[in-house]
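Asker: Okay, handing you the structure first.
The values are calculated or read from the model by the stated rules, or taken from the named source; none is laboratory data. Worth saying up front: this structure is predicted, and the values here are computed from it rather than measured. Heads up, the Cβs are rebuilt from the backbone with ideal geometry, glycines too, and the neighbour counts pull from every protein chain shown. Surface accessibility is based on the protein's heavy atoms, side chains included, excluding ligands, DNA and RNA. Shrake-Rupley method; radii C 1.70, N 1.55, O 1.52, S 1.80 Å.
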Amino acid sequence: MCNKVIPAIRNMKDFELALKSDHQQIILLESRLSQVENVVKYAKKHGKEVFMHADLIQGLKVDEYGLEYLINNVKVNGIISTRSSVISFVKKRNIIGIQRLFALDSVALDHNLRACQKIQPDYIEVLPGVIPEVLQEVKEKTGIKVIAGGLIKSQEDVNRALSHGASVVTTSNTNLW
């Protein structure tokens, strides 16, 4: 992942904006199964690497068959999921796996850190990404590159996340792209 801010796309208007940007990677958050092949193909024609949040594709069952479809037919560059089993599956197929982790409380964080240490995702996306201490802790305890996402509203949020261990920041705030 090259740029320090990666567009996280929720709608087609923002998708078009991201295609015109100089960002090499984009993250597709919410989508419909009937659109994913064409959207990814179009993005790749514009030279973009596409990371798709599998859990947020309406109409897709996120099991091995649904994941095979995303990998073999849609040809995504990476998969994001909150489910460790999904990340394990995609890593075995040499696709970038991004484990999404919600820092809700210390018990949830500890549980998620243990799971990440076991499956070794390529990246861990920490939400919300505006808690510097948590970003540092995740990076230190796992040794895995951290992505800060969620509630990133300003350039200060971006800078703080990067200075506290995040490799990159994802945001749907188009002003920060």
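Asker: Considering only residues that are more than 18 Å from I80 (Cα to Cα) and either touching an Asp or Glu at 6+ places or on another chain (Cβ under 8 Å) or part of a helix (DSSP H, G or I) (or both), look in the stretch 118-134 and name the one that is most open to solvent (accessible area, probe 1.4 Å). It would help to see each step written out before you state the result.
Answerer: Let us first name the residues in the stretch 118-134 that are more than 18 Å from I80 (Cα to Cα), namely 130-134.
Restricting the remaining residues to those that are either touching an Asp or Glu at 6+ places or on another chain (Cβ under 8 Å) or part of a helix (DSSP H, G or I) (or both) gives 130, 132-134.
Values: V130: 46, P132: 17, E133: 122, V134: 21 Å².
That would be E133.
Asker: Could you tell me which numbered condition G149 fails, if it satisfies all but one of (1) crowded, with 21+ Cβ neighbours inside 10 Å; (2) modelled with pLDDT under 95?
Answerer: Failing condition for G149: (2).
Asker: Any chance you could count how many residues in the stretch 1-41 are out of contact with any helix residue (DSSP H, G or I) (no Cβ under 8 Å at 6 or more places or on another chain) and among the hydroxyl-bearing types (S, T, Y)?
Answerer: Number satisfying all stated conditions: 2.
Asker: Going residue by residue through the stretch 92-109, is there one that turns out to be over 16 Å from the mean Cα position of the chain (by Cα), crowded, with 17+ Cβ neighbours inside 10 Å and not small (G, A, S)?
Answerer: Taking every residue of the stretch 92-109 in turn, at least one turns out to be over 16 Å from the mean Cα position of the chain (by Cα), crowded, with 17+ Cβ neighbours inside 10 Å and not small (G, A, S).
Asker: Only one of (1) open to solvent by 20 Å² or more (accessible area, probe 1.4 Å); (2) more than 18 Å from K75 (Cα to Cα); (3) modelled with pLDDT of 95 or more is not met by R32, so which one is it?
Answerer: (2)
Asker: Let me ask you something else. Go through the stretch 70-87 and report how many residues are crowded, with 16+ Cβ neighbours inside 10 Å and either in contact with a Cys (Cβ under 8 Å, 6 or more places away or on another chain) or in a helix (DSSP H, G or I) (or both).
Answerer: Applying the first criterion (crowded, with 16+ Cβ neighbours inside 10 Å) to the stretch 70-87 yields 70-71, 74, 76-82, 84, 86-87.
From the residues that got through so far, the ones that are either in contact with a Cys (Cβ under 8 Å, 6 or more places away or on another chain) or in a helix (DSSP H, G or I) (or both) too are 70-71, 74, 84, 86-87.
Residues in the stretch 70-87 being crowded, with 16+ Cβ neighbours inside 10 Å and either in contact with a Cys (Cβ under 8 Å, 6 or more places away or on another chain) or in a helix (DSSP H, G or I) (or both): 6 in total.
Asker: Give me the residue from the stretch 3-18 that is under 24 Å from R100 (Cα atoms) and part of a helix (DSSP H, G or I) and, out of that set, modelled with the lowest pLDDT. Let's see the steps before the verdict.
Answerer: Taking the stretch 3-18 as the starting set, the residues that turn out to be under 24 Å from R100 (Cα atoms) are 3-12, 14-15, 18.
Of the ones still in play, those that are also part of a helix (DSSP H, G or I) are 12, 14-15, 18.
Details: M12: 94, D14: 97, F15: 98, A18: 97.
If we take residues in the stretch 3-18 being under 24 Å from R100 (Cα atoms) and part of a helix (DSSP H, G or I), then M12 is modelled with the lowest pLDDT.
Asker: If you don't mind, another one. Only one of A115, A161 is open to solvent by less than 50 Å² (accessible area, probe 1.4 Å), in a helix (DSSP H, G or I) and touching a Pro at 6+ places or on another chain (Cβ under 8 Å). Can you tell me which? Walk me through how you get there before you give the answer.
Answerer: Details: A115 fails: touching a Pro at 6+ places or on another chain (Cβ under 8 Å).
Step by step, each of A115, A161 is checked, and only A161 is open to solvent by less than 50 Å² (accessible area, probe 1.4 Å), in a helix (DSSP H, G or I) and touching a Pro at 6+ places or on another chain (Cβ under 8 Å).
Asker: E156 is checked against (1) in contact (Cβ under 8 Å) with a residue 40 or more places away in the chain; (2) not in a loop (DSSP other than H, G, I, E, B) and fails just one. What number does that condition carry?
Answerer: Of everything listed in (1) in contact (Cβ under 8 Å) with a residue 40 or more places away in the chain; (2) not in a loop (DSSP other than H, G, I, E, B), E156 misses just condition (1).
Asker: When residues of the stretch 85-142 are filtered for being in contact with a His (Cβ under 6 Å, 6 or more places away or on another chain) and over 23 Å from M52 (Cα atoms), how many remain?
Answerer: Filtering the stretch 85-142 down to residues in contact with a His (Cβ under 6 Å, 6 or more places away or on another chain) leaves 132, 135-136.
Those still in the list that are over 23 Å from M52 (Cα atoms) too: 132, 136.
Adding up the residues that qualify gives 2.
Asker: Can I ask one more? Working carefully through the options L67, L17, find the one that is among the aliphatic types (A, V, I, L, M), open to solvent by 10 Å² or more (accessible area, probe 1.4 Å) and touching a residue at least 12 places away in the same chain (Cβ under 8 Å). So that I can check it myself, show each step before the final result.
Answerer: Details: L67 fails: open to solvent by 10 Å² or more (accessible area, probe 1.4 Å).
Checking each option against the conditions leaves just L17.
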